[in-house]
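Working notes for the structure below.
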Amino acid sequence: MDTGLREELLRRAERDQQARAQHQPGSSGWCEVRRIDHDNTAWLDLVIDEHGWPGHALVGTEAAHAAWLLAQHADAEHQQQWVGLLRAAVDRGEAQARDWAYLADRVETRQRRPQRFGTQWVDTGDGRGYRLFPLVDPAQVNTWRAEFGLPPVSGADVEVA
């Protein structure tokens with residue numbers, strides 16, 4: 001295990017979450033969140049170039065999840081590059097399947113395509129809260145979610161997608 005890399009992933013993920021807790025999207029402080037995301041993306045890109053996807057054997061389960069968090073907040077181009085690497089890590093038992101499901105849905109919704117697992121939500125913009133981004137197959141979503149270790153979404157949430 002690479003303990004230095006593990007510690008840096010955990011530190012960066014903690015910083016990511018602290019910044020998001022302190023600033024709301026659209027606020028003046030959100031520039032700090034975007035700066036952190038940009039820095040984390042550039043750093044994770046170098047890590048992936050050197051090691052491949054940082055999986056359980058390299059950095060431990062918690063830090064492998066932290067790598068996913070950084071990827072989840074990266075730009076669309078990097079997410080598209082990394083989603084296949086994360087899936088391969090899942091197939092080798094080196095990453096959590098649910099992490100891949102979230103990143104795969106994020107890639108799809110950023111490209112304005114329906115999501116498979118129902119992990120991505122959008123603000124309705126009318127004060128009523130959030131709704132699921134459109135789904136590939138609303139009738140199958142909970143079956144797919146179960147296969148990837150995700151809890152079901154309610155019928156009401158699926159219907160409004």
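Counting trypsin sites (Lys or Arg not before Pro) as exposed when in a DSSP loop with at most 14 other beta carbons within 10 Å, what is the longest stretch of the chain free of them?
1-91
With the chain treated as a Gaussian network of Cα nodes joined by springs under 10 Å, which of Val83, Val107, Val33 yields the largest mean-square fluctuation?
With Cα springs under 10 Å in the chain, the top fluctuation among Val83, Val107, Val33 is at Val33.
Order these by the 10 Å Cβ neighbour count, fewest first: Trp68, Trp144.
With the sparsest Cβ surroundings first, the list reads Trp144, Trp68.
Hey, can you grab everything whose amide H is under 5 Å from the amide H of Gln115? Only 5+ residues off in sequence or another chain; H modelled, so Pro and N-termini drop out.
For Gln115, the qualifying residues are Leu135, Val136.
Please work out how much length the chain gains when fully extended from Arg128 to Asp2, using 0.36 nm per residue of separation minus the C-alpha to C-alpha distance, in nm with one decimal.
40.8 nm
Say the dipole of the chain comes from +1 at the beta carbon of Lys and Arg and -1 at that of Asp and Glu; which of Pro54, Gly26, Gly149 then lies farthest toward its positive end?
Gly26
Quote the FRET efficiency, to the nearest 0.05, computed for Glu50 versus Gln72 with a Förster distance R0 of 22 Å and r equal to the Cβ-Cβ distance. Write down the numbers at each step before the final one.
Numbers: r = 21 Å, r/R0 = 0.94.
Efficiency, rounded to the nearest 0.05: 0.60.
Read phi for every residue in region 34-48 and hand back ³J(HN,Hα) as whole Hz from Karplus 6.51 cos²θ - 1.76 cosθ + 1.60, θ = phi - 60°, with x for Gly and Pro.
For region 34-48, the Karplus-derived couplings read 5, 5, 4, 4, 4, 5, 5, 5, 4, 5, 5, 4, 5, 4, 5 Hz, x marking Gly and Pro.
I want to verify a result. In a Gaussian network model of the chain, Cα cutoff 10 Å, which of these has the top mean-square fluctuation: Ala139, Ala71, Ala89?
Ala139
Using a simple spin-label model with points 7 Å from Cα along the Cα→Cβ vector, what separation in nm is obtained for Ser28 and Gln81?
3.4
Once phi is turned into θ = phi - 60°, what whole-Hz ³J(HN,Hα) does the Karplus curve with 6.51, -1.76 and 1.60 give for every residue of region 99-110, x standing for Gly and Pro?
Taking θ as phi minus 60°, the curve returns 4, 4, 4, 5, 5, 4, 5, 4, 4, 4, 5, 5 Hz for region 99-110.
In nm, give the distance between the simple-model label positions of Arg11 and Ala139, each being 7 Å from the Cα along the Cα-to-Cβ direction.
According to this spin-label approximation, the distance is 5.2 nm.
What list of ³J(HN,Hα) couplings, whole Hz, do you get for region 118-124 from phi and the Karplus terms 6.51, -1.76, 1.60, once you set θ to phi - 60° and write x for glycine and proline?
Once θ is set to phi - 60°, the couplings for region 118-124 become x, 9, 10, 10, 10, 5, 5 Hz.
Which distance in nm do the two modelled labels at Arg110 and Ala57 give, with both placed 7 Å along the Cα-to-Cβ direction?
Between Arg110 and Ala57, the label points sit 2.8 nm apart.
Given a cut-off of under 8 Å on Cα pairs at least six residues apart, what relative contact order in percent is computed for the chain?
For the chain, the relative contact order is 16 percent.
What does the C-alpha gyration tensor say about the overall shape of the chain? Classify as rounded when a/c is under 1.5, otherwise prolate if a/b is larger than b/c, or oblate.
Oblate shape, in that a/c is at least 1.5 and b/c is the bigger or equal ratio.
Any read-out appearing in this document is the output of simple, stated calculations on the displayed coordinates, not a laboratory observation. Here the structure is a predicted model, which is why all the values come from computation and not from measurement. Note that each Cβ is placed from the backbone with ideal geometry, even for glycine, and that neighbours are counted across all protein chains shown.
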